[in-house]
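Structure first, then comments.
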Amino acid sequence: MSASKPFIIGLTGQTGAGKTTVAKIMTEVYGSEFLPHIDCDRVTRNIVDEDAETYADILRRFPDFFTDGRFDRRKAAGLLFADSRLLARYDAAIFPHITRLINGIIDGHARDFARRGEGMILLDAPMLFESGIDRMCDVIVSCIAPERLRMERIIARDGITEQQAKARISAQHDDEFFRGRSDYIIENIGGEAALERAAADVMDKIVTENV
């Protein structure tokens with residue numbers, strides 16, 4: 001591993017497939033100093049309101065996504081999931097801003113690793129491939145699960161209707177998309193204990209082969 005370019009593990013997958021749990025397991029096993037977790041959802045959740053450059057760009061391009069001058073996430077989500085062309089336009093506008101912020105965080109961790117002499121980064125991004133962030137990664141881990149299980153999980157997790165859940169799932173890629181673009185696949189079909197073992201096994205393989 002290079003001190004100037006830390007080893008980056010890209011973590012992605014389908015909504016409701018257990019990616020959040022996998023990230024938690026991996027960072028708990030190896031610790032946040034050796035394996036800092038960059039949660040792209042968290043980094044970008046308020047990016048429009050909190051980053052002036054992003055705010056100005058998105059307000060200009062998508063004024064309907066704003067209520068009283070603030071980015072309305074619920075309103076925007078409803079519009080985006082109902083119109084694939086609008087979603088593609090929005091993604092093309094927001095991804096460069098997301099990448100800019102994430103690069104800044106990675107640079108900070110690289111400086112820490114240079115002082116300590118070791119470390120990897122877990123880059124957790126639901127839109128890893130769509131954003132082009134996959135090009136930053138040294139290995140990619142994807143989480144997948146059967147559609148019915150994912151439907152049940154996101155309805156319970158997000159308090160949405162079955163129709164809304166179907167819209168989210170239909171806007172995402174199928175299993176083969178992830179299988180063809182990933183170094184490791186974690187299939188979440190056997191319960192929490194099985195998922196924990198699978199996540200730990202994958203992380204052990206990555207560390208053994210690259211440290």
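The values are calculated or read from the model by the stated rules, or taken from the named source; none is laboratory data. Being a predicted model, the structure only gives us computed values, none of them experimental. All Cβ positions, glycine included, derive from the backbone under ideal geometry; neighbour counts span all protein chains shown.
Worth pointing out:
- Search result, residues across region 126-151 that are surrounded by fewer than 15 Cβ atoms within 10 Å (Cβ to Cβ) and either over 29 Å from D204 (Cβ atoms) or without any contact (Cβ under 8 Å) to a residue 24 or more places away in the chain (or both): R135, R148
- Selection from region 22-49 of residues that are in contact with a helix residue (DSSP H, G or I) (Cβ under 6 Å, 6 or more places away or on another chain) and either of a type in the set (S, T, N, Q) or under 21 Å from F177 (Cβ atoms) (or both): V22, T44
- Cβ pairs under 8 Å, 6+ apart, first in region 185-197 and at negative phi, second of a type in the set (G, A, S) and in a loop (DSSP other than H, G, I, E, B): I186/G18; E187/A145; N188/A17; N188/G18; N188/A145; I189/A145; L195/G18
- Condition check for R42: over 25 Å from A167 (Cβ atoms) and either charged (D, E, K, R) or not in a strand (DSSP E or B) (or both): no
- Selection count, region 51-102, where residues are in contact with an Asp or Glu (Cβ under 9 Å, 6 or more places away or on another chain), surrounded by fewer than 16 Cβ atoms within 10 Å (Cβ to Cβ) and part of a strand (DSSP E or B): 1
- The lone exception for D68 - which of (1) in contact (Cβ under 8 Å) with a residue 24 or more places away in the chain; (2) on the phi > 0 side of the Ramachandran plot it fails: (1)
- Subset of region 143-188 (residues that are among the acidic types (D, E) and in contact with a strand residue (DSSP E or B) (Cβ under 6 Å, 6 or more places away or on another chain)): D175, D183, E187
- The single residue among T27, T21, T12 that is more than 26 Å from A165 (Cα to Cα), among the β-branched types (V, I, T) and either in a strand (DSSP E or B) or modelled with pLDDT of 90 or more (or both) turns out to be T27.
- L59 in contact with a strand residue (DSSP E or B) (Cβ under 8 Å, 6 or more places away or on another chain) and farther than 21 Å from D134 by Cβ: yes
- Scanning region 135-151 finds no residues that are touching a Cys at 6+ places or on another chain (Cβ under 9 Å) and farther than 15 Å from L35 by Cα.
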